Structures are given as C-alpha cells and as structure tokens.
Amino acid sequence: MRPFIHRSSGIISKRYIAGATLNTYLSNDPTRLIMRGIHGRSFGSAIKVMFGILGKSMRLPLALLTAMIGGLAYIEYKLQQLSAPSWMTTSISSAREWLEDMKNSRWFKQPERDESGDEKVVEFSGFENRAGLASSSDKGSSTQGSNGNGGGNGSGYYYSDAQDDSNSAKDSSSDHFSTANGENVLLDLTKKLLEIQTILKGIDPAPSTNLQLPNIVVIGSQSSGKSSVLEAIVGSEFLPKGSNMVTRRPIELTLINTPHSPDVYGEFPQLGLDRIRDFSQIQRTLFDLNMSVSEVECVSDKPIELRIYSPNIPDLRLVDLPGYIQITNSDQPPELKKRIHGLCEKYLKEPNIILAISAADVDLANSEALLAGRRNDPLGLRTIGIITKVDKATPSAAVQVVTKNNYPLHLGYVGVICKPPSASDGSDSKALTEAQYYNQHPEFHQAEGKFGVGTLRRKLVKTLEESMSRNLSRLTDAVQSELEETKYQIKVQYNDQRITAESYIADVLDSVKQKFKQFKEEFGKPQVRTEVRDILESRVLDICAELYWNDPKINEFSDQAIQSKTPSWISSLATNVKSTLNSVASFAHIIVSDGKSDDPPSTVLRSATGASSSNTMNGSPRPNMKAGDAGPNKTGDQWDEDKILYWEHRLDRASSVLTKSGVGRWTTQRIVDILMDKVESMINGDPFTNHPDAQKSIVGFSHEILRAKYHSTIDQVENTIKPFKYEIEVEPFEWEKATDRTKKLIDNEISLCRKALQSIRSSTSKKRLNAAIKYVNSKQIPTTPKQHPTERAADISQVGDTSDSSHLSAHSDTTATSEEDQIVSYPHFSPQILRKAQTMVSLRDRLAILYMRRQAINSTVCKSSDNKLLCPEIFLDVVAEKLTYNAALFINFELLHEFFFQFPRALDSQLYYTQSRNEAREFADQNPNVKQHLNLLDRRSKLEEALARLRNLALLQESLNDSKTRRRFI
C-alpha cells in the first residue's frame with residue numbers, strides 16, 4: 001500500500017513525504033521506532049507554528065474589540081451620570097406606577113369579606129393613589145384642626161396629604177417613606193448625609209463651601225406660592241405671612257423623618273428651643289425673627305435654622321429665600337432689589353438644587369425664578385420648575401405649561417395646587433382636594449406623574465438622593481483635605497497639645513493655688529507681728545505728738561532728762577533750742593483756711609512724704625494706775641507736786657489711748673486688707689485678665705471667708721489685751737529693747753522730715769517760700785511781730801541738710817532775717833504756696849522737737865524703766881510690743897489659718913465643680929488663644945467623625961451599586 005503523499009509545497013510537505021517514505025521502506029527495520037519519534041516531533045512543530053501565525057493575525061481585531069468595549073463602558077458611565085432624558089424618565093416612571101397600580105388593584109387581590117361573609121366594596125381612586133394624595137378632603141382636616149399641630153387655617157388639608165402619603169407607603173413598595181426595599185438604601189443615605197451636614201455645620205469657624213452638601217433652594221417672586229409649597233411638603237402651616245415683606249432672612253429648613261415616633265414637633269437650635277409641638281408658636285417665632293431685621297436693612301444674610309421632626313415627611317434640607325421684587329415701596333431702601341438678588345445668588349451656587357417657583361397664571365417668560373436659575377445653571381441640570389396655582393389656569397393650559405417644556409429643564413416641571421381649589425362649576429361651595437380637582441378634569445390624566453404634592457415630594461427626595469450620591473466622593477475628599485489641614489495647624493501652632501475647657505480651668509486654678517501657696521509660706525506669724533508693730537509704732541508717734549510734742553511745756557519736760565548728767569555740748573544745745581520751743585508750741589497746728597489743724601505733726605509729716613499712717617483714735621478716760629517710782633527725785637532736780645501730777649496724768653492718758661483705741665479692730669482690718677490686696681494681685685495678671693467674672697467671684701468669696709471670722713478675731717484680740725488696759729509691768733530687758741527701737745523710730749522720723757523739707761525746697765523758689773513763711777508767721781502772731789517771725793524764718797536749707805542740731809542757732813536766724821528784710825511788702829500768695837509755707841513751718845518745728853527728744857532718750861535717765869515718766873516714748877513702745885505679741889497670736893490663729901484653709905477649697909467649689917460643660921466652655925472661650933485652640937480641636941474631632949461616617953456610606957453605596965449591577969445582568 002502506497003502512502004498518501006501531501007502535494008502542498010513548503011517545509012511541512014517535505015517533512016511529511018520524508019517521514020512517509022522512511023516509514024514504508026523501513027517498516028521491518030529495528031530503527032522504525034526511532035523514525036516514528038521523528039515523525040511525531042515534526043507534527044507538533046507544525047501545530048505550534050500554525051497557532052503562532054493565528055495569534056499574530058488576531059492581535060489587531062482583539063485590540064479594536066477592547067477599545068470598543070472601553071468606549072462603550074465610558075459612554076454608559078457618562079449616561080448614568082447625566083441620567084436619562086426627562087421624557088424617558090417620565091415614561092419609565094409612568095410605566096412603573098401603572099404596573100404597581102395593576103398589582104395593587106382589586107382585580108389581582110383576594111376580595112375581602114366582612115363579618116356577614118359579603119364581599120367588601122372598595123372604591124378605586126386611580127389618580128389619587130398614583131399621585132400619592134388624599135382621597136377625600138375631610139380625611140384629616142378635622143384631625144389637624146383639633147390637635148393644634150397645624151398652626152393655622154388650612155393646615156388640615158396639608159396634614160391630609162401627608163397622612164395619605166404615609167398610609168400609601170404601607171401599600172406601595174416604591175414609596176420612599178418605607179424601608180422595605182432596596183431603593184430605600186438611598187433614603188438612608190440621605191438621612192445619614194443630612195446628619196453629617198449637621199455635624200459639619202456645627203464647625204466653628206464655618207467650613208468652606210467644599211464641605212457643603214446639596215440643599216434645595218426655593219426661589220421665586222413674592223406671592224408666587226413659595227411658602228405654600230414648603231408648607232404642603234411639610235404638611236403643616238408654619239411659615240409667617242403678611243401683606244408686607246415678611247421673609248427677610250434665609251430659613252434653613254431641615255426635615256427629619258422619624259418612622260418610629262408619632263410626635264410632630266419643631267426645634268430652633270440657635271435659640272435652644274426644643275420640641276415645639278404647637279406650629280402656631282413656630283410661626284410666631286419665625287415672624288419675630290424676621291421682623292428683627294429693621295425696615296432700613298430689610299434683608300439679612302444671617303440664616304434662621306429650623307428642624308421639623310415627623311413620621312410623615314421625607315428627609316430633606318430646604319432653604320426659603322426672600323421673594324424677588326420689581327420695585328420698592330416708600331418704606332423700603334432703593335437697593336432692596338439688589339440686596340435680594342445678591343442674597344439669592346449666594347445660595348444658588350453649585351451643588352445646590354434650585355426649586356424655581358412660578359405661578360401658572362403668569363407667563364414663564366417673565367419668571368424671575370427661571371431667569372435666576374438659568375444664570376446659575378445654564379444647562380438646567382439642577383433646576384426643578386414648580387408651577388403653582390394650577391387651578392388658576394385652564395386644565396389644558398396648565399398641562400401644556402408643565403409638559404411642553406418650552407423652557408427646558410433637565411429635571412422637568414411639576415404642577416401643584418397648594419391650597420384647596422373650588423368646584424369648577426361653582427355650584428358646590430365645599431373646597432376640593434388636589435386629587436379631586438385633577439380627577440374632575442381628564443386633561444391631567446394625560447400627564448400623570450407631573451402633578452401633585454406627592455409627586456413633588458418623591459421628585460425632591462430622588463433628586464436630592466442622586467445629587468448627594470454624586471457628591472459623596474467629592475465631599476469625602478474635601479473632608480479629608482480639611483482634616484489634614486486642621487491637624488497641620490494644631491501641630492504647628494500648639495505642638496499637638498491636647499486641651500479641654502475643663503483642663504484649662506484646672507490649669508488656671510492651679511496657677512492661683514501656686515501663687516497662694518507661695519504667699520502662705522511667705523506670710524506667717526512673724527509677718528503678722530511686723531505689720532501689727534508698724535501700726536502700733538505709728539500710733540505711738542501720733543500719741544506722743546498729740547500729748548507731748550505739742551505741749552507748751554515740752555522744753556521744760558525735756559530739760560529734766562537732758563540736763564541730768566549730760567555732756568556740756570548737749571546742755572548748750574538745749575539752751576539754744578529752749579527759746580525756740582517756746583515760740584514753736586503754738587504753731588503746731590496750721591492749715592490754710594483758718595490757721596488751725598486737727599492732725600498731729602506725725603500725720604502732717606506722713607502726708608508730706610507719702611508715708612503711710614494709721615488713723616488717729618480718740619483716747620479713753622485715764623484708768624486708776626500709779627506712776628511708780630519715776631519722778632524728779634531720781635534726776636537730781638526737784639519738781640513741785642503739780643508738775644509731777646501733770647506728767648503722770650499725761651503718761652496715763654497716753655497709755656490709755658494706746659490700749660483702748662480699738663487695737664483689735666484696726667490691727668485685724670490691716671491684716672484683712674493685706675490678704676485682700678494679695679488676692680487681687682494674684683488675679684490681676686494673666687490669665688485672669690480675660691476672665692473678669694472669675695475675678696469678681698474670687699474677690700467675693702474671699703470677702704465672705706474673711707467676713708465670717710472678722711468679728712470673732714476682733715473680740716479675741718480685745719479680750720487678750722484687756723489686762724494691759726489696767727496694769728503694765730515692764731521688765732528690764734523689755735525696756736532695753738524698747739529703747740533701741742525708739743531710737744530707730746525717732747531717727748526715721750528725722751530722716752522723713754529732712755526728705756519732706758528737701759522736696760518742698762526743690763519745688764519752690766526759696767525767696768518766695770521765705771516770704772510766704774514770713775506772711776504766715778505775721779498772721780499767726782500779730783502781737784509780737786518782731787520776735788517770733790524772725791525765729792520761724794530759719795534757714796530751711798540748713799535745717800534740711802544739717803546732721804547736727806547746733807545749726808539751729810541765732811546766726812542762721814539772723815541770716816534769714818536779713819534776707820527777708822529785703823521784701824518791702826507782703827504780696828498775695830496762692831493757696832499752694834501758703835500750704836507749702838505752713839508745711840515748712842510744721843516740719844521745722846517737728847524736726848527741732850525730734851532732735852531734742854532724741855537727746856533725751858540718749859540720756860542716762862532713760863536707761864532705766866524707773867524713769868518712764870520722763871521717757872514716755874520708750875514706755876509706750878513697751879506697751880505697743882506687748883499688744884503686738886498678743887494681737888498677732890490671735891490674728892494668726894483665728895483669721896489667717898482659717899483663710900489659708902478655706903481659700904483653695906472655695907476656689908475649687910466655686911469655679912470648678914459647679915461649672916457645667918457649657919459654662920466651662922464659655923469660661924475657656926474668654927481667652928482668645930485658648931478659644932482658637934479648642935475650636936481647632938473641635939474641628940478635628942467633628943471632621944474625623946464626619947470622615948468615618950462618609951467612608952461607611954461610601955462602602956454602602958458601593959455595595960448598592962454592585963447589587964444593582966447584578967440585578968441588571970440577571
């Protein structure tokens with residue numbers, strides 16, 4: 001048998017022939033098997049080459065096919081974004097509604113039977129059910145009018161529509177108030193996005209426009225029916241009405257569906273008004289808020305936020321704006337029209353949905369709403385035309401306006417009747433519902449799905465859902481970007497430091513507590529004793545000046561101590577000063593008006609130098625006490641009995657004045673003043689400069705703490721010093737210490753006198769001042785004009801600069817007299833010059849007395865307490881020291897310890913534990929820097945919460961799209 005020879009040319013044929021020949025002639029050869037392997041390999045190579053050529057030839061068709069598929073997918077994606085044309089959407093919607101009606105009709109349902117077994121009669125209301133409207137006007141009118149939720153006349157009609165919509169939702173699987181099918185996932189998406197928008201709206205400062213979700217903005221001319229459309233959507237009458245312009249501020253209306261709660265109520269978040277169930281009150285509140293804008297301003301861009309909760313409304317967010325006007329009246333500003341246009345333009349920007357309201361009896365060519373919509377939405381992709389007052393036009397004309405679409409809008413038009421129309425023949429006075437009016441006119445049956453408030457509701461819900469779905473990814477990116485920027489600001493400005501209002505209050509109070517703790521360590525019993533001693537020493541000087549230094553016999557009194565075993569130069573000084581003191585005594589009290597003064601010299605000195613002085617107290621009657629052994633028998637010079645009794649009486653009076661002048665009251669008051677001054681100094685700086693109310697609160701409860709212990713402390717101090725009012729025992733060591741303190745006290749007074757004299761001399765002409773002194777002296781002593789004026793006109797410069805009392809000599813007096821004699825007559829002096837002259841005279845006299853008393857204290861007589869009669873300054877200092885010790889002891893125990901214990905606790909209880917969350921935030925916001933920090937942290941927290949919710953919604957939307965895709969392929 002000859003093998004089949006393939007006659008085709010090429011490598012494959014040649015290899016096949018060679019293989020066949022070898023197979024024929026070597027069939028009986030042992031090598032046949034080898035040749036068969038060669039034949040198999042040749043056949044496999046041929047197949048491989050054939051498939052390679054086929055693959056190369058199919059590359060171009062496959063590439064073209066892939067490009068076509070990609071292009072078709074992109075076109076489909078764009079078509080989904082732009083949605084279907086309005087006529088196709090309307091046709092599909094009508095077909096779906098017709099199928100649903102057929103499905104729910106009585107022909108496809110088992111007939112219901114009553115108790116007798118008869119079949120129930122169910123009336124068919126085809127248009128009404130398809131439009132989602134009420135079947136009768138009296139179904140809910142009486143209900144709404146009785147419960148007061150409507151807030152006015154006509155509210156019953158609105159409620160019947162909403163009620164019928166909620167009832168039809170139970171029977172219709174396509175209604176958006178039900179959550180039984182997959183379409184309502186978008187409704188949940190809308191609800192959640194509205195919640196996210198509420199979160200973003202609460203950010204301070206207000207977020208950028210990139211963080212805003214679409215709102216439905218209602219625009220139209222005045223009296224075009226804007227308010228009626230909104231009330232029809234809500235189902236209650238709540239918007240203000242009036243003959244004049246009553247909508248002066250934007251009303252941001254948020255409708256929140258509450259399927260699990262039957263309550264219907266409103267809230268004003270800005271005003272803190274919650275759960276207002278009476279819609280007439282909502283109407284009055286809106287009227288008042290709008291009327292708060294003055295007639296001159298007329299409109300304001302500050303919005304009014306209103307939220308309405310009801311199971312009968314969809315989740316929507318609408319904005320009601322002032323109506324467009326053509327001309328202004330005499331009470332309105334000329335630029336009102338421009339202001340209204342500017343306000344509306346602010347809300348008509350993307351991504352907001354425009355609800356253009358036009359009346360059916362007005363030509364659409366003159367519609368201000370459509371004109372504004374075309375300016376901001378030229379293609380009409382986000383504008384819905386609403387034709388109101390359909391009953392005012394003929395049915396055919398109304399249908400033509402709604403369906404002909406002469407002014408094209410991608411979302412189309414919807415015709416509504418917001419108020420009950422009258423019967424067409426006029427014979428029936430009873431008002432008709434919207435559905436009954438449509439059923440009376442067959443023209444409307446040709447445009448089903450184009451009329452009715454229920455249709456409008458569903459269209460708004462669907463449009464808002466789709467718009468929000470398209471903006472979901474954009475909003476997520478915007479929130480992410482804003483969050484990153486906020487985190488960056490926190491890191492740069494505050495280094496990621498965390499702070500809350502409560503922690504800020506705690507830090508502020510801790511700073512006060514630290515200062516208070518430091519003050520507590522620095523101000524204790526030793527400091528109290530020092531303060532009380534200063535008061536009593538000042539009081540001692542006042543008593544000495546009043547009872548001793550102003551006494552005409554002070555020179556004779558001082559001679560008893562100075563001339564007893566004193567050096568010769570001291571005796572010479574006393575002799576020179578003696579004549580001066582006799583003329584000085586009567587000039588101790590001088591004032592501008594009448595030449596007399598009730599203030600002691602120490603008080604005059606302190607007023608001139610700016611040093612503090614305690615209040616002068618009147619003395620008490622001298623108690624029965626003896627002068628001891630002190631007297632002239634110890635000095636070597638004999639006094640008569642009258643002089644001894646005189647100075648003993650002075651000493652007893654001085655001691656009584658010191659101990660019975662209310663030591664407890666004014667020493668306690670001094671410590672209270674110190675404590676209050678310290679508290680005020682602690683809260684006068686940062687951070688309390690931003691918290692004036694907190695400053696007042698701290699000062700207030702500090703006063704309360706001190707007032708509670710004030711009187712008891714005074715009583716304790718007065719009780720403990722009571723023994724010193726009757727008997728005072730002086731120990732030698734007490735006298736020695738008192739002597740040293742008295743010397744320092746007198747030296748300090750001398751230094752103050754010098755400073756006061758130097759101050760007066762440097763501020764006034766010496767020649768004019770000496771003339772004024774001479775004038776004062778001549779008016780005071782007219783009987784001896786040639787003697788005392790010369791002595792009183794001593795050289796002020798020498799008295800102020802001299803450290804030794806010998807400069808008070810007749811030589812200096814003569815020099816001063818020769819200078820004053822050059823003045824021919826006394827000029828008229830100003831009150832300021834006269835007061836300075838009087839002060840100079842008083843200070844010069846005080847300085848001379850202080851020098852003399854300093855010498856008396858340095859004498860050997862004053863080294864012993866037995867001579868306290870001649871050394872009253874030392875004795876009074878001993879008494880002051882005893883009073884100081886006892887007063888400081890009880891002030892420290894009764895007042896100071898109690899204040900240190902109560903103050904920090906009152907600080908916490910008044911400013912921390914009693915603060916609510918809002919009060920704490922208000923306190924923190926008073927500090928601008930802290931307010932900015934807290935706002936950034938709140939902003940970050942809210943953005944994080946919004947971003948988390950948006951991502952969850954994106955996953956939900958993705959799963960919904962996947963399910964739709966699967967259903968489409970199935």
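The values are calculated or read from the model by the stated rules, or taken from the named source; none is laboratory data. Please read these numbers as outputs of a predicted model, since none were measured by experiment. Quick reminder, even Gly has a Cβ in these numbers, built from the backbone with ideal geometry, and neighbours come from all protein chains shown. Calculation scope for accessible area: heavy atoms of the full protein, side chains included, ligands and nucleic acids excluded. Shrake-Rupley method; radii C 1.70, N 1.55, O 1.52, S 1.80 Å.
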Filtering the stretch 431-466 down to residues that are buried (at least 23 other Cβ atoms within 10 Å of the Cβ) and small (Gly, Ala, Ser) yields 435, 452, 454
The stretch 427-511: helices (runs of 4 or more DSSP H) wholly inside it with 2 or more residues that are modelled with pLDDT of 90 or more are 453-470, 472-494
Complete set of residues in the stretch 697-752 that are in contact (Cβ under 8 Å) with a residue 12 or more places away in the chain and among the polar types (S, T, N, Q): 697, 702, 712, 713, 716, 720, 739, 742
Among the residues of the stretch 353-366, count how many are touching a helix residue (DSSP H, G or I) at 6+ places or on another chain (Cβ under 9 Å) and either part of a helix (DSSP H, G or I) or crowded, with 17+ Cβ neighbours inside 10 Å (or both). 9
If the Cβ limit is 8 Å and pairs must be 6+ apart or interchain, which residue in the stretch 298-311 that is among the β-branched types (Val, Ile, Thr) pairs with which residue that is part of a loop (DSSP other than H, G, I, E, B) and open to solvent by 30 Å² or more (accessible area, probe 1.4 Å)? 304/270
Taking the stretch 926-947, which residues are part of a helix (DSSP H, G or I) and open to solvent by less than 30 Å² (accessible area, probe 1.4 Å)? 930, 933, 934, 935, 936, 937, 939, 943, 946, 947
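Of the residues 890, 901, 923, which is in a helix (DSSP H, G or I) and open to solvent by 60 Å² or more (accessible area, probe 1.4 Å)?
Working: 890 fails: open to solvent by 60 Å² or more (accessible area, probe 1.4 Å); 923 fails: open to solvent by 60 Å² or more (accessible area, probe 1.4 Å).
Residue meeting the stated conditions: 901.
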Can you tell me which residues in the stretch 250-275 are without any contact (Cβ under 8 Å) to a residue 60 or more places away in the chain and surrounded by 18 or more Cβ atoms within 10 Å (Cβ to Cβ)? 265, 266, 267
Residue 752 vs. criteria open to solvent by less than 70 Å² (accessible area, probe 1.4 Å), assigned to a helix (DSSP H, G or I), under 28 Å from residue 875 (Cα atoms) and of a type in the set (A, V, I, L, M): yes
Are there strands (runs of 3 or more DSSP E) fully within the stretch 193-283 with at least 1 residues that are within 18 Å of residue 464 (Cα to Cα)? List them. 216-220, 251-257
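Among the candidates 486, 476, single out the residue that is among the polar types (S, T, N, Q), touching a helix residue (DSSP H, G or I) at 6+ places or on another chain (Cβ under 7 Å), buried (at least 19 other Cβ atoms within 10 Å of the Cβ) and touching a residue at least 24 places away in the same chain (Cβ under 8 Å). Spell out the reasoning first.
Numbers: 476 fails: buried (at least 19 other Cβ atoms within 10 Å of the Cβ).
Residue meeting the stated conditions: 486.
In this structure, is residue 737 surrounded by fewer than 17 Cβ atoms within 10 Å (Cβ to Cβ), assigned to a helix (DSSP H, G or I) and at negative phi? Spell out how you get there, then give the answer.
Working: surrounded by fewer than 17 Cβ atoms within 10 Å (Cβ to Cβ): yes; assigned to a helix (DSSP H, G or I): yes; at negative phi: yes.
In short, yes.
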When you go through (1) more than 30 Å from the chain's Cα centre (by Cα); (2) farther than 23 Å from residue 478 by Cβ one by one for residue 249, which number turns out not to apply? (1)
For residue 46: the one exception among (1) modelled with pLDDT under 75; (2) within 30 Å of residue 965 (Cα to Cα); (3) surrounded by 10 or more Cβ atoms within 10 Å (Cβ to Cβ): (2)
